[in-house]
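Note sheet for the following structure.
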Amino acid sequence: MLNSERKLPDICPSCSASLQVTSLGCSSCETIVSGKFQLPILARLAIDEQKFISDFVKSSGSLKVMAQQLGLSYPTVRNLLDDIILKLQENEKSKV
Amino acid sequence: MKTWLFNPFIYIAGLKALLIGFMFMTITLVISYYSKTHFDGAIDAHIGLKAPISLYALEQIIAWGSVVLTCFIVASVISKSAIRFIDIAGTMALSRVPMLLVATIGFMPVLHNTKPGQLGNAVLVIGLIMIIPVIWMITLMFNAFKTSANIKGTKAIVGFITALLVAEILSVSLNQMIRPLLLK
């Protein structure tokens, strides 16, 4: 599996609490930055959901264009978007 | 294949579904006129009564329209998504494609030669065969409702049954009103 296809883990496998980023590394000079950083809310979504949001923004937020690109009907694409919105709202609530 | 048979609305909805649905409804209308098959209710089919083609056409419009109307009202009440009327209208029109099979089965001579109260085994077997496309249509309608309104689980089942029951009462009542006017 390619690195880009792997979902960033956001839940602790041991206690199920939300994971935080504690270090970031530079792939060029190998500098490491340590600290406690919250995972961005979009990073908590599944890979295909992240791709959907990226495509949605690229198509200027047009569900009709998205439906044409994905070969799906308008309500199917709208339902996918509604499900992501619901998931984001739940993630925001759980964060608070 | 299974998706295309039972939930084509993942790929087709809106105006496209409406045009395809109307095309099939027109073909069904012509066949049903010659096979004397009446779609005189949201999910009904009855065979035998000779009538002008305008009655067959109105029956189909009432059957489709009543389901569209009730499903749209129920979906507007229980769904949190922004529902488009054209999606409900289009997907419900496309859901009526199996009625083409029912109208074709209506040509069976045994169905026209049966006297009231004398149901033979052949009629019962054909009756059972006719239930298959009706069940197929109801499955399509349910999936059309779910996809068009973004409703899932128990909410979808209860909402759909409610809408279908009201549509059945509405369509049968309307048909009883128009039938005497067109059979004069």
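Among the candidates B:Ala75, B:Ala82, B:Ala57, the residue that is within 14 Å of another protein chain (Cβ to nearest Cβ) and assigned to a helix (DSSP H, G or I) is uniquely B:Ala75. Among the residues of region A:42-87, the ones that are hydrophobic (A, V, I, L, M, F, W, C), part of a helix (DSSP H, G or I) and within 14 Å of chain B (Cβ to nearest Cβ) come to 10 in all. Taking each residue of region B:100-112 that is touching a residue at least 24 places away in the same chain (Cβ under 8 Å) and looking for partners that are among the hydroxyl-bearing types (Ser, Thr, Tyr) with beta-carbon atoms closer than 6 Å, six or more apart or interchain, yields B:Leu100/B:Thr28; B:Ala103/B:Thr28; B:Ala103/B:Ser32; B:Ala103/B:Ser35; B:Ala103/B:Thr37; B:Gly106/B:Ser35; B:Gly106/B:Thr37; B:Phe107/B:Ser35. Can you pull out the residues in region B:1-26 that are within 14 Å of the chain's Cα centre (by Cα) and either assigned to a loop (DSSP other than H, G, I, E, B) or among the β-branched types (Val, Ile, Thr) (or both)? Scanning region B:1-26 gives a single hit, B:Thr26. For B:Thr114, the conditions (1) outside any helix (DSSP H, G or I); (2) more than 14 Å from every other protein chain (Cβ to nearest Cβ); (3) open to solvent by 20 Å² or more (accessible area, probe 1.4 Å); (4) closer than 20 Å to B:Ala167 by Cα are fulfilled apart from (4). Mind listing whichever residues of region B:146-181 are aliphatic (A, V, I, L, M) and within 20 Å of B:Thr3 (Cα to Cα)? Once the filter is applied, which keeps residues that are aliphatic (A, V, I, L, M) and within 20 Å of B:Thr3 (Cα to Cα), region B:146-181 yields B:Ala149, B:Ile151, B:Ala156, B:Ile157. Among the residues of region A:60-80, those that are open to solvent by less than 30 Å² (accessible area, probe 1.4 Å), touching a Ser or Thr at 6+ places or on another chain (Cβ under 9 Å) and of a type in the set (A, V, I, L, M) comprise A:Met66, A:Ala67.
Keeping to region B:85-104, report how many residues are open to solvent by 30 Å² or more (accessible area, probe 1.4 Å) and part of a helix (DSSP H, G or I). Looking only at that region, the number is 5.
For B:Val110, indicate whether it is aliphatic (A, V, I, L, M) and at pLDDT 95 or above. In short, no.
Within region B:20-43, if we keep just the residues that are free of Cβ contacts under 8 Å to residues at least 24 places away in the same chain and either among the basic types (Lys, Arg) or open to solvent by 10 Å² or more (accessible area, probe 1.4 Å) (or both), the residue that is farthest from B:Ser54 (Cα to Cα) turns out to be B:Met23. Reported count of residues in region B:50-73, each being over 19 Å from B:Ile88 (Cβ atoms) and touching a residue at least 24 places away in the same chain (Cβ under 8 Å), is 9.
Candidates are the residues of region B:171-184 that are part of a helix (DSSP H, G or I) and without any contact (Cβ under 8 Å) to a residue 12 or more places away in the chain; the one that is least open to solvent (accessible area, probe 1.4 Å) is B:Ser173. Among the conditions (1) within 15 Å of the chain's Cα centre (by Cα); (2) part of a helix (DSSP H, G or I); (3) more than 14 Å from chain A (Cβ to nearest Cβ), the only one that B:Ala42 does not satisfy is (2).
Yes or no: region A:2-22 includes at least one residue that is more than 28 Å from A:Gln89 (Cβ to Cβ), modelled with pLDDT of 85 or more and surrounded by 10 or more Cβ atoms within 10 Å (Cβ to Cβ).
no
Regarding A:Ser28, is this residue more than 20 Å from A:Ser94 (Cα to Cα) and in a loop (DSSP other than H, G, I, E, B)? In short, yes.
Only residues that are open to solvent by 10 Å² or more (accessible area, probe 1.4 Å), under 18 Å from the mean Cα position of the chain (by Cα) and closer than 19 Å to B:Lys16 by Cβ: list them for region B:63-84, please. B:Trp64, B:Phe72, listed by residue number. When B:Glu168 is tested against (1) over 18 Å from B:Ala63 (Cβ atoms); (2) touching a Ser or Thr at 6+ places or on another chain (Cβ under 9 Å); (3) surrounded by 15 or more Cβ atoms within 10 Å (Cβ to Cβ), exactly one condition is not met: (1).
The values are calculated or read from the model by the stated rules, or taken from the named source; none is laboratory data. Nothing here was measured: the structure is a model prediction, and the numbers come from that model. Glycine gets a Cβ as well: all are built from the backbone with ideal geometry, and neighbour counts include every protein chain shown. SASA here: full protein model, heavy atoms, side chains in, ligands and nucleic acids out. Shrake-Rupley method; radii C 1.70, N 1.55, O 1.52, S 1.80 Å.
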